[in-house]
Amino acid sequence: MGLRLSVLICTLDEGIRQVPHLLLTPRADVDYVVSFQYTTESARTLVPSELRCRADVKVYPLRGKGLSANRNHALRHATGDVLLIADDDNRYRNEYFDTVLQTYRRDAEVDVALFRVKDLQGRWIKSYPPRIFDYAEAPRGYYPCSQEITLRRRAVENGLCFNVRFGLGAPFLCAGEEDVFLCDALRQGLTVRGYPDTVAETDGDTTGLHFLTDIRVQRSKGAVFCYVYGWHNALWRCLKEACSYAVRRGAAPWPLFKNMWDGMLYCRRLYGK
């Protein structure tokens, strides 16, 4: 029997209206899991009829806010062999789904596969490594985003999930959930690889692009460094990051470092890193 793909779509309140634009013509080896976070009871009435009438689409409401919690809700309801992380503004093609499934058929070892994403004009949303690589040895400067991540469901069954302290809607941090997720995957002994193939199209905007303008993103960077590399290595990386932005972008380095430092302290209090 062939592999089945579950596309895990996370959305919040009005975002549920965008989900029908993401769906492709039904196919036997693909289903859609929509984790619908809502903040008011009235928002539950927004589910489009196109989602209710398709057997391959399941909508699972979740009261509250927080992207990582929303991702975990989708992971818990997935039934496919392979899971693709999606947002409600992504766009897909059948060849993208084919690529994901073929990758997992060819590489029986891989537990988490990372791919590329284009913007709606067909350009890469960032610079990617040019060939297949092991994430544990990823080139410097490569930071994955959620919509590039796919994984086998068995990894979820073994406990892999998103850390709710990180990501949009979290109490103190608003980013970094992907880095922490992949760090946890490696610590669990899973095989994580990147592939030079397209998996989605998007509007190209990600939280990490707002590092210079959003204090929470700066805190998240420090917290991620601390979580992944430990306190002393994180301290050095935060200093280098602040100085780099000062040289390349003319930013004041000390406010950047201070906010990253606050993120480090937050992580240390939580995890003793």
> Between the stretch 21-47 and the stretch 213-253, what's the alpha-carbon centroid distance in Å?
Replying inline: 36 Å
>> Just to confirm the number: angle between the C-alpha axis of helix 231-249 and the first principal axis of the chain, 0 to 90 degrees, nearest 10?
In response: 90 degrees
>> Using a 4.7 Å cut-off between beta carbons, which cysteines in the chain end up with no partner cysteine at all?
In response: Cys10, Cys53, Cys145, Cys161, Cys174, Cys183, Cys238, Cys243
> How big, in percent, is the set of alpha carbon pairs in the stretch 1-45 lying more than 14 Å apart?
Replying inline: 54 percent
> How far is the Cα center of the stretch 99-120 from the Cα center of the stretch 71-85, in Å?
Replying inline: 15 Å
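Whole number please: convex hull volume per residue, Cα atoms of the stretch 165-260, in Å³.
On the way: hull volume 12.7 nm³, N = 96.
Cα-based convex hull of the stretch 165-260, divided per residue, equals 132 Å³.
Kirkwood Rh over Cα pairs of the stretch 70-206 into Stokes-Einstein at 20 °C, 1.002 mPa s: D in µm²/s?
Reported coefficient: 140 µm²/s.
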> Which value, in debye to the nearest 20, describes the size of the charge dipole of the stretch 111-182 about its Cα centre when Lys and Arg Cβ atoms bear +1, Asp and Glu Cβ atoms bear -1, and nothing else is charged?
Replying inline: 220 debye
> Roughly how tilted is helix 67-77, in degrees to the nearest 10 and between 0 and 90, from the longest Cα axis of the chain?
Replying inline: 40 degrees
> What is the Cα convex hull volume of the stretch 11-116 when expressed per residue in Å³?
Replying inline: 106 Å³
>> Could you tell me which residue out of Thr25, Leu114, Ser6 lies farthest along the dipole of the chain toward its positive end? Charges go on the beta carbon: Lys and Arg +1, Asp and Glu -1, centred on the Cα centre.
In response: Leu114
> How about the stretch 205-254: which trypsin sites (Lys or Arg not before Pro) there are in a DSSP loop, with at most 13 other Cβ atoms within 10 Å of their Cβ?
Replying inline: none
> For labels at Asp98 and Leu239 in the simple 7 Å Cα→Cβ model, what's the distance in nm?
Replying inline: 5.3 nm
>> Looking at the stretch 208-273, I'd like the Rg to Rh ratio, where Rg is from alpha-carbon atoms and Rh is Kirkwood's inverse mean 1/r.
In response: 0.96
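Listed highest first by mean packing, meaning other Cβ atoms within 10 Å per residue, what order do 115-121, 256-262 come in? Walk me through the numbers before you get to the answer.
On the way: 115-121: 15.7, 256-262: 21.0.
Per-residue mean Cβ counts within 10 Å order the peptides as 256-262, 115-121.
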>> Taking just the alpha-carbon atoms of the chain, what radius of gyration and Dmax come out, in angstrom?
In response: 18.6, 58
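Pairs on different chains or at least eight residues apart, Cα atoms closer than 17 Å: how many lysine pairs in the chain fit?
Details: Lys118/Lys126; Lys221/Lys240; Lys221/Lys258; Lys221/Lys273; Lys240/Lys258.
Eligible lysine pairs with Cα atoms under 17 Å apart amount to 5.
Would you mind working out the magnitude of the charge dipole of the stretch 60-181 relative to its Cα centre, with +1 at each Lys and Arg C-beta and -1 at each Asp and Glu C-beta, to the nearest 20 Debye?
On the way: 18 positive and 17 negative charges, 43 e Å.
So the dipole magnitude of the stretch 60-181 works out to roughly 200 debye.
Hand me the trypsin sites (Lys or Arg not before Pro) from the stretch 123-190 located in a DSSP loop with no more than 16 other Cβ atoms within 10 Å, in residue order please. Intermediate results must be reported in sequence, preceding the final value.
Values: sites: Arg123, Lys126, Arg131, Arg140, Arg152, Arg153, Arg154, Arg165, Arg187; in loops: Arg123, Lys126, Arg131, Arg140, Arg165.
The qualifying sites are Arg123, Arg131, Arg140.
Just so you know, all these numbers are worked out from the coordinates, no wet-lab data involved. Please read all numbers here as calculations on a predicted model, not as lab measurements. Glycine also receives a Cβ, built like all others from the backbone with ideal geometry; neighbour counts cover every protein chain displayed.
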